[in-house]
Every structure is written in structure tokens, then in C-alpha cells.
1. With springs only between Cα atoms under 10 Å apart, run a GNM on the chain and tell me which of Gly96, Gly53, Gly21 wobbles the most.
2. Determine the alpha carbon to alpha carbon distance for each of Lys110/Lys155; Lys49/Lys148; Lys49/Lys155; Lys54/Lys148; Lys84/Lys155 and list only those over 32 Å.
3. Between Asn28 and Phe152, what is 0.36 nm times their sequence separation minus the Cα-Cα distance? Round to one decimal in nm.
4. Run the helix sum for the chain: -39,500 (n - 2.57) per DSSP H stretch of 4+ residues, divided by residue count, reported at 222 nm to the nearest 500 deg cm²/dmol.
5. For labels at Lys176 and Leu81 in the simple 7 Å Cα→Cβ model, what's the distance in nm?
Amino acid sequence: MLSDADFLNVANLITGERIRGSWWSHDNAQDIFVVSEMLEDHSDVMMVKLLSGKVTFVYRELWNRVYSIGVAREEWQLQKLPAKAEALLKVLDKTGSIQTNKVGNQFGPKPGEIARVLELRLLVYVRQVHGESGAHTKILETWDVWAKRVGFRAKSGSAAAARRFLEEHVAKINTKYEAAARLPWSSDTRKRR
């Protein structure tokens, strides 16, 4: 993860301490930022909101599992999906990629918030970029467009097997670090959003 009070994360690895709250106020904030940018740009690292709705860096050997979950469109992903998020997903399925600062108001005044709903359910791959004005904007991609862009030969496997694998590994890390990270399909995680 980029940051978390308890779970193993970049900020804590750099500072050697548990940071509560924002790491931006820490003396090593610039180092944390530089390392996180390097990870984000690394060809073997995927950046998704996988654990507890927070930025999680996923190494290439796990990409196919995340991909398999993302394309599955399981009940937990689609259940009670807001109408604007459902509409955005339908448009994205047709176009493959959408930049939130270019959609106008068709998905409401804050399309980034609608994009976040899809992102947290792993229905799309989202990356942040600086738009023409310099402000942050999100680019949403279908998982297939993402795979093609990064040169990943995706093989959709069993979403259930991928979820079990990740659950087991997150449980081990939670135990080791006395943490409580949750995966997006956990009912506890969805209730907190």
C-alpha cells in the first residue's frame, strides 16, 4: 500500500515508523512521494485501490488474479451500483477509455466520484494524470484496454480462485503486522463506504 496506519506500506518502509494520518506532513514526505512515483511508473507494478479502498501496489505476478476479478462482473461488483456509475460503465465498455475531465455533466457534476465507485469495485482500471489545465483528472480504462496498453497478456481465470488466493495472503500479512486491511468484496469494506 502507499499508506496505512498498520498494514505494510511504502510510507512506513521509508520512515521506519507507523504514520497516523497523512504522510505529507512527515519530514520524509518528499522521499515517500518520489518512491511512490517510481513504483507507479514501474513496468512490473500495477496501482489499484485493492486494500481498504487505498492505493495498493500490485506486483506483476499477481496481475492475472486482479484482472480475473476485475473482468468477472460478479454480484458484489454490480449490486446496488448507482445509476450514474452504471451509465458510465456502459459508455466505457463501448469506448474502452474515458477521461473524467472530458465527459461534461452527463454523469453528474463530479464524474471523478462516480469513477471512484467503479474503481473501488475493480470494474475498471483507473489512473490519475494531469489534464491540459494542470489539474488532476482520472483516466478510466476497461481491463482489456489496460492490458493492451501495458503489454500484459491477460488470461481470465477463476475470479473465485483469485479472490481466495488474495484473501489468504492478505490474512497472513494482517496477522503478521496486526493490521486489518480488507479486500473490496468483503462486506465489512463495502459497509464503510
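1. Most flexible of the set in this elastic network: Gly21.
2. Too far apart for the 32 Å limit: Lys110/Lys155.
3. 41.3 nm
4. -13500 deg cm²/dmol
5. According to this spin-label approximation, the distance is 3.5 nm.
Each value in this text was obtained by applying a stated rule to the coordinates, not by laboratory testing. This one's a predicted model, so the numbers in the text were calculated from it and none came from an experiment. Glycine also receives a Cβ, built like all others from the backbone with ideal geometry; neighbour counts cover every protein chain displayed.
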